[in-house]
Amino acid sequence: MRRLAALLTMMRDTARLMVGVPSYQAYRRHMADRHPDRIPISERTFFEERQQARYGGRGGGRCC
């Protein structure tokens, strides 16, 4: 059962990376491992920043 859960997590993370949204859990692990002195941003802020980085600015990259 653990292997299935790990496989599903990997598939979800891969699908998110395909649309330009990295894993928030991976971000949290990275912050805990490499930047324990910093407070991680919230999941909502993380998602908004990734969307903005992917599509640029407000409006999600729409042309009109």
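The values are calculated or read from the model by the stated rules, or taken from the named source; none is laboratory data. Every value quoted in this text rests on a predicted model; they were computed, and no experiment measured them. All Cβ positions, glycine included, derive from the backbone under ideal geometry; neighbour counts span all protein chains shown. Areas reflect the complete protein model, heavy atoms only, side chains present, ligands, DNA and RNA absent. Shrake-Rupley method; radii C 1.70, N 1.55, O 1.52, S 1.80 Å.
Think of a 1.4 Å ball rolled over the protein heavy atoms: the chain then has 89 Å² of accessible area per residue.
Scattering from the chain was approximated by placing one identical point on each alpha carbon and applying the Debye formula without solvent; log10 I(q)/I(0) at 0.14, 0.28 1/Å stands at -0.53, -1.14.
Between the Cα long axis of helix 2-18 and the first principal axis of the chain there is an angle of about 20°, rounded to the nearest 10. Packing around the peptides 48-54, 22-28, taken as the average count of other Cβ atoms within 10 Å per residue, puts them in this order, highest first: 22-28, 48-54. Which angle from 0 to 90°, rounded to the nearest 10, does the C-alpha axis of helix 24-34 make with the longest principal axis of the chain? Around 70 degrees separate the two axes. Between the helical axis of 43-55 and the longest alpha-carbon principal axis of the chain there is an angle of about 50 degrees. For the chain, the carbon plus sulfur part of the accessible surface works out to 56%, probe radius 1.4 Å.
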